[in-house]
Amino acid sequence: MRARRQVATRRDIMIKREEVVGKEVIDSSGRRVGVVEDVVIDQEGKASLLVRVKIARGGSEKILEYTLPPSNILAVGDVVLVKGVVEVRRK
């Protein structure tokens, strides 16, 4: 009888701030959608990634920031891979 290997769920995995800050964020279509700027904690105590993206159009550049909740993160390695296609638009 083979012993069962335990598989860690997303809740079991802890990642240090230093391991994600500066990594590129890639959506499921393979597109770069920003760089992790920091880890932020909301009022309920839940951590999210603060992602910064530069949008250049018509010779001007704008920097936008958005938060990425852990439920949208598929994997963290050389990059942060997120679920779905992320649309970041300049207002």
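The values are calculated or read from the model by the stated rules, or taken from the named source; none is laboratory data. Since the model is a prediction, treat every value here as computed from it, not as a measurement. Every residue, glycine among them, receives a Cβ derived from its backbone with ideal geometry; neighbour counts consider all protein chains shown.
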Inside region 32-48, can you point out the residues that are part of a loop (DSSP other than H, G, I, E, B) and among the basic types (Lys, Arg)? 46
For region 49-62 the number of residues that are on the phi > 0 side of the Ramachandran plot and either in a strand (DSSP E or B) or of a type in the set (A, V, I, L, M) (or both) is 0
In region 63-91, what count of residues is obtained for those that are of a type in the set (A, V, I, L, M, F, W, C), more than 17 Å from residue 21 (Cβ to Cβ) and assigned to a loop (DSSP other than H, G, I, E, B)? 3
Of the residues that sit in region 47-68 and are exposed (fewer than 12 other Cβ atoms within 10 Å of the Cβ) and in contact (Cβ under 8 Å) with a residue 12 or more places away in the chain, which one is farthest from residue 83 (Cα to Cα)? 57
I'd like to check something: does region 6-13 contain any residue that is among the hydroxyl-bearing types (Ser, Thr, Tyr) and at pLDDT 80 or above? no
